[in-house]
Amino acid sequence: MPDRAAGDEPQKVFVKSYGCQMNVYDSARMVDSLAGAGFSETAVIEDADLVILNTCHIREKASEKIFSELGKIKLLKQDRLASGKNTTIAVAGCVAQAEGGEILRRQKAVDLVVGPQNYHRLPDLVARARATPHIVDTEFPAEQKFDFLPHASAQVTRARGVSAFVTIQEGCDKFCSFCVVPYTRGAETSRTPQQILEEISILARAGVREVTLLGQNVNAYHGENPDGSVVSLAGLANMVAKIPGICRIRYTTSHPNDMADDLLEAHATQKALMPFLHLPVQSGSDRILSAMNRRHTARAYIELIRRVRASRPDIALSSDFIVGFPGETEEDFLETLKLIEYVGYASTFSFKYSPRPGTPGADLTDQVPEDVKQDRLRKLQDLVERQRAQFNQAMLGRRISILLEKAGRLAGQIVGKTPYLQTVQVNADSSMIGEVVDVIISRVGTNSLFGEMIRTGDNAGARRLENV
Ligand code: SAH
Ligand code: SF4
Ligand code: F3S
């Protein structure tokens, strides 16, 4: 069955993202770049002439899920073929980078495998894969894809929301011994401040009010100005804060060893920088931290938290934890619980260690049995859940500013976010989406807070936005 000729009805692309926010951002940029090649996005996979799975390799489960998904898409491809339509199947993201040609061997229906650093070549690769299937492009090119990807014009139309993610830094040179990211995303690189500011300005003009700056090691950001001077994350945040319309800035994910003094200072002085910090520590045991190659001690982390809190006393903290890293004893695990008790987190992500091929951790002999990992995960999650509930409960009766983000489930309800990233339901008119308003927290539910808007007629946040 020949492919449709160019100039026929527009081609449709369906993209599904797995894993982290960077994949969500990348998916949007892929759609942008394909728009130039005549593709429009569809949310209905059955209608798609091109299906892209943007995959995650971080844990075995995430990675294996892709192959069962591909099995289903293969059947879809056969169905469409029976009615005379071709479907091109592409695998992008971190599984693509890690497994490369192996994906084609496991699932022959796949036409294209493309790694995260090659998305600027996507239109060309899709055309080639349609002519001769089984194309693999996972090399790390010398050029930076961001210099070639189109500007965020199409992304603007899909931004629609008031909160957007923008990648500012990608890749990682840290090589924690459990982690695939340095292999799947490559070496650490930073986009230029000019490129980032231009993109955020476009988003702001399309109604974006909050921007989350993304990077695998976002606080290692070091963007270069045209004159060769270097801008830190704090410097960039201060520049982003000047963009008309942007009133909230967040960043994720940070490494403890890259929390520079000027970033702590920015948390004290830059009002647009939200008081929320996701600062993964993984473990509270020095022995395990060292085996993980995290390159800091539990004490150094706690001292850092103390300095962060000195800069911004109300800051909400968040972290990632891994239980059952090879060699982790009950004593090591108790150290982790102790650290959690000491710090007090507003939210956390926790995982059972998953050995990843090619990482040093996978070769360690003293792997922890599954039932022990499960038991530790449950204990850890019980503790952090109690802390989360406590953090939310402490909001009751407080006056707090929220960014109204989108319509809620009930008519007349809008969902907003506190500076601490909590979801708040509030009765408000949908015309107010995009405004920052003050509410009094009247009720604390399991997953969200409920607020009563304060109608003072002197809402500084709302007025500031009206001026934009
Ligand atoms: N760049 C971020 C995190 C990337 S991965 C950082 O440096 O913190 C997100 C989280 O997944 C990690 O923080 C870690 O807790 C978890 N993770 C990574 N590899 C893992 C593995 N092999 N098994 C279990 N969890 C893992
Ligand atoms: Fe992975 Fe460590 Fe790099 Fe984070 S810092 S992406 S956990 S190697
Ligand atoms: Fe997953 Fe790659 Fe992100 S492995 S977490 S999609 S960087």
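Please specify each residue of segment 31-70 satisfying the condition of being farther than 15 Å from Glu99 by Cα and among the polar types (S, T, N, Q).
Ser33, Ser40, Thr42, Ser68
Need the failing condition index for Ala389 against (1) more than 13 Å from ligand 1 (Cβ to nearest atom); (2) surrounded by 17 or more Cβ atoms within 10 Å (Cβ to Cβ), just the number.
In the conditions (1) more than 13 Å from ligand 1 (Cβ to nearest atom); (2) surrounded by 17 or more Cβ atoms within 10 Å (Cβ to Cβ), Ala389 misses (2) alone.
Starting from residues that are within 14 Å of ligand 3 (Cβ to nearest atom) and open to solvent by less than 50 Å² (accessible area, probe 1.4 Å), keep the ones in segment 59-69 and report whichever is nearest to Tyr251 (Cα to Cα).
Per the criteria, the residue is Ala62.
With segment 353-468 as the region, which strands (runs of 3 or more DSSP E) entirely inside it contain at least 3 residues that are modelled with pLDDT of 95 or more and at positive phi?
Counting at least 3 such residues, we get no strands (runs of 3 or more DSSP E) at all.
Take segment 90-130 and flag every residue that is touching a residue at least 60 places away in the same chain (Cβ under 8 Å), away from ligand 3 (no atom under 16 Å from the Cβ) and of a type outside the set (Val, Ile, Thr).
Hits for segment 90-130 are His120, Leu122, Pro123, Ala127, Arg130.
When you look at Asp320, is it more than 15 Å from ligand 1 (Cβ to nearest atom), acidic (Asp, Glu) and surrounded by 14 or more Cβ atoms within 10 Å (Cβ to Cβ), yes or no?
Considered against the rule, which asks whether it is more than 15 Å from ligand 1 (Cβ to nearest atom), acidic (Asp, Glu) and surrounded by 14 or more Cβ atoms within 10 Å (Cβ to Cβ), Asp320 comes out as no.
Checking Cys179 against (1) in a loop (DSSP other than H, G, I, E, B); (2) open to solvent by 30 Å² or more (accessible area, probe 1.4 Å); (3) within 12 Å of ligand 3 (Cβ to nearest atom): exactly one of these is not met. Which one?
(2)
Restricting to segment 211-230, name every residue that is more than 16 Å from ligand 1 (Cβ to nearest atom), on the phi < 0 side of the Ramachandran plot and surrounded by fewer than 22 Cβ atoms within 10 Å (Cβ to Cβ).
Within segment 211-230, His222, Glu224, Asn225, Pro226, Asp227, Ser229, Val230 qualify.
Scan segment 237-248 residue by residue and report those that are among the aliphatic types (A, V, I, L, M), farther than 19 Å from Val308 by Cα and buried (at least 18 other Cβ atoms within 10 Å of the Cβ).
Residues satisfying the conditions are Val240, Ile243, Ile246.
Of all residues being among the β-branched types (Val, Ile, Thr) and crowded, with 20+ Cβ neighbours inside 10 Å in segment 32-57, which is nearest to ligand 1 (Cβ to nearest atom)? Just the residue, please.
Per the criteria, the residue is Thr55.
If you check Leu273, Leu279, which single one turns out to be open to solvent by less than 10 Å² (accessible area, probe 1.4 Å) and more than 21 Å from Phe349 (Cα to Cα)?
Leu273
Return a yes/no flag: does segment 219-232 have any residue that is more than 16 Å from ligand 2 (Cβ to nearest atom) and in contact with a Phe, Trp or Tyr (Cβ under 7 Å, 6 or more places away or on another chain).
yes
The values are calculated or read from the model by the stated rules, or taken from the named source; none is laboratory data. Fair warning: this is a prediction, and the values are worked out from it, not measured in the lab. We place every Cβ from the backbone using ideal geometry, glycine too, and count neighbours over all the protein chains shown. The area values use the complete protein model at the heavy-atom level, side chains included, leaving out ligands, DNA and RNA. Shrake-Rupley method; radii C 1.70, N 1.55, O 1.52, S 1.80 Å.
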